[in-house]
Each structure stands twice: as C-alpha cells, then as structure tokens.
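Shown next, in structure tokens, is the structure this report addresses.
Quick note: the coordinates plus some simple rules give every number you see, no bench work behind them. The shown structure was predicted, so the numbers you read here are calculated from the model rather than taken from an experiment. Every residue, glycine as well, gets a Cβ built from its backbone with ideal geometry; the counts of neighbours run over all protein chains shown.
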Amino acid sequence: MSRVTAVLLVLLLSACDSNQALPAPSIRSISPREVQSGYPGVIRVSLDAMVPIRVDYTRQEAQAGLGVRLWFGTVEAPLLELDADSTLEVFLPESLSPGVHDVRVVLADGREALRAQGFSVLSSIHPAIDAGNPTGPDGGVITPDAGPSPDSGTRTGTPMTEGDITGFEFTPVEEQRRGQPFVVTVRALGPRAAEFEEKVDLSLGAGEGRVTPSTLDQFVGGVCTQSITVDSQSTGVKLLVTDRFGVSGTSNAFGVR
C-alpha cells in the first residue's frame, strides 16, 4: 500500500463517523463586522468546526469544505475560499440591503453555525448631504456681509468628532517570527468609518514587548494596511490601536516565535 493511499484511508475513516459524533460548529469571528454598502473587499468568517472531508480516489486527494454555504440574512454569499484554519472568504452580495443581518454557515453534512445580528451594512448615502442651504437660495441678500452659515455645506470632509468612529477591527493575524516584518490591515468602524483618514497609535498589550512603528500611517477610506515588526516572543500577543479620542481596537491573540 502506497503512502498516499494510506493517508487517504485514514482521512476516509475520519470522515465516515456519524454526524452526531461531530461537535456543532460556531462562528469565532467576522472581519470586518461592519461595512459601507458596495464594500469591494473580502469578508472573512472564521469557524470553530470540524469540517467533513471528502476523498476523490480517481485523483488520490482529499478535500475539506466542499458544500459549505454562507448567508447574510436571507442572501447567500458564494464561497471564494475555505482556509486551513476554517476561515471562509466571501464578497459582499450586491443584493444585500443596508441594515443588521444574521450570519449563518451550513456545513456539507448539515451542521449549522449562527451569529445573530453579526454583520452590518451601512448606507452609502450620508443623511447630511443636502443640509448646506437651509434658508433658500436668496437668504443671503438681507445680510450680504455676514459670511457663510456655520452649518453650510456637507459633513463629509469635515474633521472627525467624538462618536464618528466607534472602534477599529484587525483582519486575523497569524503566527509570526520575532523581528520579521509582516502586514496588518485595520479598518475603522462607525457612522463615518469610510471617511476616516487619520493616523492611530499602535502598541502591544502590557508586558508583551515592543511593536514598530508605534503609529500606523494615515488611513485611506477607513482602511490602513501596513508592514509592522514585533520584538517579542509569546503565544498570546495582541496588537492595539487607539485614535485621538481614545477609541481603540484589539487584534486576535497570535503567537510570535
């Protein structure tokens, strides 16, 4: 018996257990959890699950995750990829309306995982878009030298105020090597997340070492992707970002060796 055949037999025996022997899956994380309507990026849904394995004898290979499906509310999002750590990658369905939606994952053997109200889509239309001329087109004739009204124009492009950003979210960070650069992506969350274009402080949890740089570059459209380096060795390092209002966000715990 060849080594490949032996491995496939082991996988087949593992796959033949009854569904009752497999624990119910759960959704570990959703990243990002909140997006603007029309968001073009990838959405990652990580599972705690034992995914059934199917064996293709004609090709002498085993495949995990065939038949896994994901819904936002009642709208299905076609699966792009299922990583080795049981993380599903999908795009935002075009037909998904703004609002708060449940996230449901169904495995090939029928087991399900549900995160109630786990995902939000924000409307791309800003409510203050037409608030620039509340007094009518001829309101300036009475006092021609009074200057522009303090509330004229749109809110878009104005400085961020407290409450505009409610948090920050990291894409999942995998195990890293001490002193070796790696890339992180951080997204702003909140009613004006798509307008956020500021810098934020970057740090590690207390006693976890040092991270370089200590400030992330300016966000673009509410997202910052940057290379960083961690000078630490630990099994549970967490990255922390904080803006000028004290709003923060923390990454998952990851190992550095």
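Things to note:
- Cβ crowding within 10 Å averaged over residues, with 24-36, 213-225 ranked highest first: 24-36, 213-225
- The trypsin sites (Lys or Arg not before Pro) of region 154-252 meeting both criteria, a DSSP state outside H, G, I, E and B (loop) and at most 15 other C-beta atoms within 10 angstrom of the site's C-beta, are R177, R178, K199, R244.
- For R28, distant residues with modelled amide H under 5 Å away: S46, L47, D48
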